[in-house]
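Provided herewith is a single structure, encoded as structure tokens, for subsequent inquiry.
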Amino acid sequence: MKAPKSYFSILCAGAAMTCIAGAQTTQSYADAVGEIATPGSGPHIDITSVNVTVNAAATDITFRINLAGSPLDSGQNWGKYLVGIRSGGNGTATGNGWVRPINFTPGMTHWIGTWADAGGDTCGGQVWTYSSGWSTTSTPTVTKDATGVIITSPVTALGLIPGETFAFDVYTSGGGSNDGAVDALSSPTTSISNWGDTFTTAALGSSPRPALKFTMPGTLTFVDWSADNANNGTANEDFDNDGVTNGVEYFMGEISSSFRSNPPSGRRGRHLAA
Ligand SMILES: [Ca+2]
Ligand SMILES: [Ca+2]
Ligand SMILES: [Ca+2]
């Protein structure tokens, strides 16, 4: 099937108009409570839920990690709060920016490592980016209150673009360099039993412990879609030779698959290779 040029132009015009709307976007993800099992851990590293929010201007993304115990309390001020993300590129399925025993099967491209440590109010963090190796690339804003830790980063520091669906997981840990994922948002059951045990987040839709996903507000442009799915091919080309042009696949939200006659009406997702 080949789309007439005029048809594709009309589709793109419609998609562009949806970019104009702007409103804060929030999604909440629940976790179990009381499932952590490492000796000496506390409720301040037991995730109860995570709220992911993109502000109305779509410039910043916030991960609010809600906890079973206050990270302000004496003796509960040493937690590490970590986010693994796959945005765009290939990433790595093994390891992370802090070399903790945590693997991310979808392929981790960005790692946010933060601490909410001593002194009651001392917080900080790092954004790491993977490109054949890990390097620190940005500094997130990190604060804490009686119910959780709040991490905010520019979306650009995480490579996130309008309309992109990305995979992620949130972990808590301790101060030891080999401490693992004491709690993981992806796991409603005990994630690790010993501090140094390895934890692995599975692919989206896989099991057990599949990665979570979030879709950025806005519309994925054809250029970005083509970069991820069609080797930067034009709308009239057919990258995967399935008889459906790149332009029609983009509009239908196709990921290198056969034509779907009943496409979703919502946003189309950036390719998330398993
Ligand atoms: Ca939990
Ligand atoms: Ca959990
Ligand atoms: Ca095709």
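How do 179-190, 96-107 rank on mean C-beta neighbours within 10 Å, highest first?
179-190, 96-107
Same structure again: With 10 angstrom as the radius, rank H110, H44 by how many other C-beta atoms surround their C-beta, starting from the fewest.
Lowest to highest Cβ neighbour count: H44, H110.
Still on this structure: Using +1 on the beta carbon of Lys and Arg, -1 on that of Asp and Glu, and nothing else charged, what's the dipole of the stretch 25-215 about the Cα centre, debye to 20?
The calculation lands at about 400 debye.
Can you grab the distance from the C-alpha centre of the stretch 106-175 to the C-alpha centre of the stretch 63-84, Å, no decimals?
Centre-to-centre (Cα) distance: 13 Å.
Now for a different question. Loop-only trypsin sites (Lys or Arg not before Pro) in the stretch 77-167, please: DSSP not H, G, I, E or B, and at most 16 other Cβ atoms within 10 Å.
Numbers: sites: K80, R86, K144; in loops: none.
Taking the stretch 77-167 and a limit of 16 other Cβ atoms within 10 Å, no loop trypsin sites (Lys or Arg not before Pro) are found.
For every other residue with a beta carbon closer than 11 angstrom to the beta carbon of D46, add +1 if it is Lys or Arg and -1 if Asp or Glu, then tell me the sum.
On the way: positive: none; negative: D31, E35, D183.
Once all neighbours under 11 Å are counted, the net charge is -3.
Would you work out which of G175, A157, I102 lies farthest towards the positive end of the dipole of the stretch 25-215, given +1 charges on the beta-carbon of Lys and Arg and -1 on that of Asp and Glu, about the Cα centre?
A157
Okay, moving on. Using θ = phi - 60° and the Karplus form 6.51 cos²θ - 1.76 cosθ + 1.60, what ³J(HN,Hα) does each residue of the stretch 49-62 get, whole Hz, x for Gly and Pro?
Calculated HN-Hα couplings, in order: 6, 9, 10, 9, 10, 10, 5, 4, 7, 6, 9, 10, 10, 10 Hz.
Still on this structure, please answer the following. Could you give me the ³J(HN,Hα) list for the stretch 188-203, computed from phi with Karplus coefficients 6.51, -1.76, 1.60 and θ = phi - 60°, whole Hz, x at Gly and Pro?
Running phi through 6.51 cos²θ - 1.76 cosθ + 1.60 with θ = phi - 60° gives x, 10, 3, 7, 9, 9, 10, 3, x, 5, 8, 10, 10, 7, 7, 5 Hz.
Read-outs throughout are calculated quantities, based only on the coordinates presented, and are distinct from any laboratory measurement. Note that this is a predicted model, so its numbers are computed, not measured. Note: ideal-geometry Cβ built from the backbone for every residue, glycine included; neighbour counts use all protein chains shown.
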